[in-house]
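Undergrad: The structure is given below, and queries will be raised subsequently.
A short reminder: the numbers here are calculations on the coordinates, not readings from a lab. These numbers were taken from a predicted model, which means no experiment stands behind them. Neighbour counts are summed over all protein chains in view; Cβ atoms, including those assigned to glycine, are modelled from backbone coordinates with ideal geometry.
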């Protein structure tokens with residue numbers, strides 16, 4: 001039974017992290033939209049935001065894969 005509860009705790013933690021990353025990804029998307037509409041865009045900051053957003057996207061994919069692993073039929 002302990003293994004099941006440990007697995008459930010891990011799944012819950014992954015879902016929470018996924019939720020947090022999804023929110024951060026959305027926030028960065030908004031920042032990028034605002035930055036592109038601004039006449040004075042700090043390109044270095046813009047590139048850092050884009051890089052962080054891509055890293056979050058990769059992390060989201062990894063968490064999805066852990067929560068719902070591919071099952072070969």
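Undergrad: Dividing the alpha-carbon radius of gyration of the chain by 2.2 N^0.38 Å (N being the number of residues), what value is obtained?
TA: Values: Rg = 16.9 Å, N = 73, 2.2 N^0.38 = 11.2 Å.
Rounded to two decimals, the normalised Rg is 1.51.
Undergrad: Hey, what number do you get for the chain at 222 nm if only DSSP H runs of n ≥ 4 count, each worth -39500 (n - 2.57), divided across all residues, to the nearest 500? List each step's numbers first, then the result.
TA: Values: 2 runs with 61 residues, N = 73.
That calculation yields -30000 deg cm²/dmol at 222 nm.
Undergrad: Evaluate the distance, in nm, between pseudo-label points positioned 7 Å from the Cα of residue 10 and of residue 65 along their respective Cα→Cβ axes.
TA: Roughly 1.6 nm, to one decimal.
Undergrad: Measure nothing fancy, just the Cα-based angle from helix 43-67's long axis to the longest principal axis of the chain, in degrees from 0 to 90, nearest 10.
TA: Helix 43-67 sits at roughly 10 degrees to that axis.
Undergrad: For a footprinting-style exposure proxy, rank 10, 59 by other Cβ within 10 Å, fewest first. Working shown, then result.
TA: On the way: 10 12, 59 15.
Placing the least packed residue first, the sequence is 10, 59.
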